[in-house]
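Okay, structure first, notes after.
Derivation of every value follows stated rules applied to the coordinates shown; laboratory data play no part. Since this is a predicted model, take the numbers as computed values, not measurements. Heads up, the Cβs are rebuilt from the backbone with ideal geometry, glycines too, and the neighbour counts pull from every protein chain shown.
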């Protein structure tokens, strides 16, 4: 432990105090966060693969099977968010629950539910796009720019 | 084998995001993560780097939001191939339409059907 003496000037005592704080607060749990992010994100992707194979089994082409799998994942996420289960998972899974498309659906449902009291239009309707709005803006503009570059230079096929 | 690849690659995307959130001094919110990943996915797709990952890891590359960016970018490129410059405007959203509509419909219904806890 670091000793804090009354006789020391204020600045030094502050520094000593910071050292004490560093010793007492829990170590950042980066390792554990990363582990759970990997496991949960991996499992959601695994579930997506299972759904893709399932839909491909009906003779759907791969992109269609992927779209169907995404729709099911989005449905599950919206449902679990409604029940409050998804946010419990997100508490320990961190980015593992944010990065998959289920996290995108969660980011739509959670604020929309929260602000329902503000009405169907400005509450639910607008808040569905609190996060999805920026995602669509950046996604669409980037994709458009890539389309234009491809038109000009025939790049990125 | 495809299941193992999907698990590992999907997990790794989340690890990258977790490290960005935990180890950088910027205040990175989930919104920033999602915006960053959709943009990165679109850019990688435009450079021709993302499709090989999709071929290799399947849902491991399509389920993370980078896959949504990839869908938008490839849609825009296909649009240009079919309709010229107008396709740059229509192709991206057309390709992402199913997932996007599902998110809006299910999101809206869930927000109506459930009450928030606490």
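Table for the structure above
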quantity	calculated
Average other protein chain Cβ within 10 Å of Cβ, residues A:56-67	3
For B:41-54, mean number of other protein chain Cβ atoms within 10 Å	3
Inter-centroid distance (Cα atoms) of region A:96-141 relative to region B:15-78, Å	18 Å
FRET efficiency estimate (nearest 0.05) - Cβ-Cβ, residue A:154 to residue A:121, R0 25 angstrom	0.05
Principal-axis tilt of helix A:30-56 within chain A, Cα atoms, nearest 10 degrees	10 degrees
Helical mean residue ellipticity (222 nm; -39500 (n - 2.57) per DSSP H run of 4+; nearest 500) of chain A	-24500 deg cm²/dmol
Average other protein chain Cβ within 10 Å of Cβ, residues B:1-7	5
Packing-based ranking, highest mean first, of B:36-46, B:96-106, A:82-92 given that Cβ atoms within 10 Å are counted	B:36-46, B:96-106, A:82-92
Spin-label model distance (nm) - residue A:30 vs residue A:88, 7 Å beyond Cα toward Cβ	3.1 nm
